[in-house]
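Trainee: Quick one: this structure, given as structure tokens, is what I'll be asking you about.
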Amino acid sequence: GQATHNVRAEVRREAGCSFDEFLRLMREDDEFDADLTPAGRAQAKRTAEDAARISDLDLVVCSPLSRAIDTALIVFGERARQGVPFVCVEDL
């Protein structure tokens, strides 16, 4: 989902900027552990609707970054409450 480090670049990309400009803006606005935006939370909630149809989920693996953990909990939080283990992996 969208996080605070990529909002400006996404807006410019949608307006037709070049890929090089998009990458430049992403680098300028880089924030190591950026939070999800309200749009990013909404994206995760929509994904959760599809993920609910996965019947054989044994493990959720995500990055240890806050936005990844938040996304995983929004998408698979009910599964965590049902006992599916969550693991954060530094190398993702």
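Trainee: Give, to the nearest whole percent, the P(r) tail of the chain beyond 20 angstrom, counting all Cα pairs. Kindly include the intermediate steps, with their values, before the conclusion.
Mentor: Working: 1873 of 4186 pairs.
Every Cα pair in the chain considered, those over 20 Å come to 45 percent.
Trainee: On a C-alpha basis, how far is the centre of segment 65-92 from the centre of segment 26-55 in Å? Whole number, if you could?
Mentor: 12 Å
Trainee: Compute a Gaussian network model of the chain, connecting alpha carbons closer than 10 Å, and tell me which residue from Gly77, Gly40, Gly16 fluctuates the most.
Mentor: Gly16
Trainee: What is the Cα radius of gyration of segment 1-50 over 2.2 N^0.38 Å, N being its residue count? Display every interim value, and only then the final one.
Mentor: Working: Rg = 12.0 Å, N = 50, 2.2 N^0.38 = 9.7 Å.
Normalised Cα radius of gyration, segment 1-50: 1.23.
Trainee: For the chain, set up a Gaussian network in which alpha carbons nearer than 10 Å are linked by springs, and say which option among Ser66, Ser18, Ser55 fluctuates the most.
Mentor: Looking only at Ser66, Ser18, Ser55, the biggest GNM fluctuation is shown by Ser55.
Trainee: Multiply the residue gap between Val11 and Cys88 by 0.36 nm, knock off their C-alpha separation, and tell me the result in nm, one decimal place.
Mentor: On the way: separation 77, 0.36 × 77 = 27.72 nm, distance 3.01 nm.
Length gained between Val11 and Cys88: 24.7 nm.
Trainee: What is the set of long-range amide H partners of Ala3 at a cut-off below 5 Å, with H atoms built 1.01 Å from backbone N?
Mentor: Here the answer is Thr37, since their amide H atoms fall under 5 Å of that of Ala3.
Trainee: Using only DSSP helix segments of four residues or longer, with each worth -39500 (n - 2.57), what per-residue ellipticity at 222 nm results for the chain after dividing by its residue count and rounding to 500? Can you show the working numbers first?
Mentor: Values: 4 runs with 48 residues, N = 92.
-16000 deg cm²/dmol, from helical runs alone.
Trainee: Right, another one. If exposed means no more than 14 neighbouring beta carbons inside 10 Å and the site is in a DSSP loop, what's the longest run of the chain without any exposed GluC sites (Glu not before Pro)?
Mentor: Formally, the longest exposed-site-free interval is 32-89.
Trainee: So, with a 1.4 angstrom probe, what is the percent of accessible area on segment 33-75 that is carbon and sulfur?
Mentor: Details: 1310 of 2520 Å².
It is 52 percent, rounded to a whole number.
Trainee: Here's a follow-up. ³J(HN,Hα) across segment 14-23 via Karplus (A = 6.51, B = -1.76, C = 1.60, θ = phi - 60°), whole Hz, x for Gly/Pro?
Mentor: My calculation for segment 14-23 gives 5, 7, x, 5, 6, 5, 4, 5, 4, 5 Hz in order.
Trainee: I would also like to ask the following. How much accessible area per residue does segment 23-92 have, counting only protein heavy atoms and a probe of 1.4 Å, in square angstrom?
Mentor: Working: 4720 Å² over 70 residues.
Per residue, segment 23-92 has an accessible area of 67 Å².
The values are calculated or read from the model by the stated rules, or taken from the named source; none is laboratory data. None of the values given here were measured: they were computed from a predicted structure. When we count neighbours, we look across all protein chains shown, and the Cβ atoms used for this are built from the backbone with ideal geometry, even at glycine. Side chains are part of the model used for accessible areas, which takes the heavy atoms of the whole protein and leaves out ligands, DNA and RNA. Shrake-Rupley method; radii C 1.70, N 1.55, O 1.52, S 1.80 Å.
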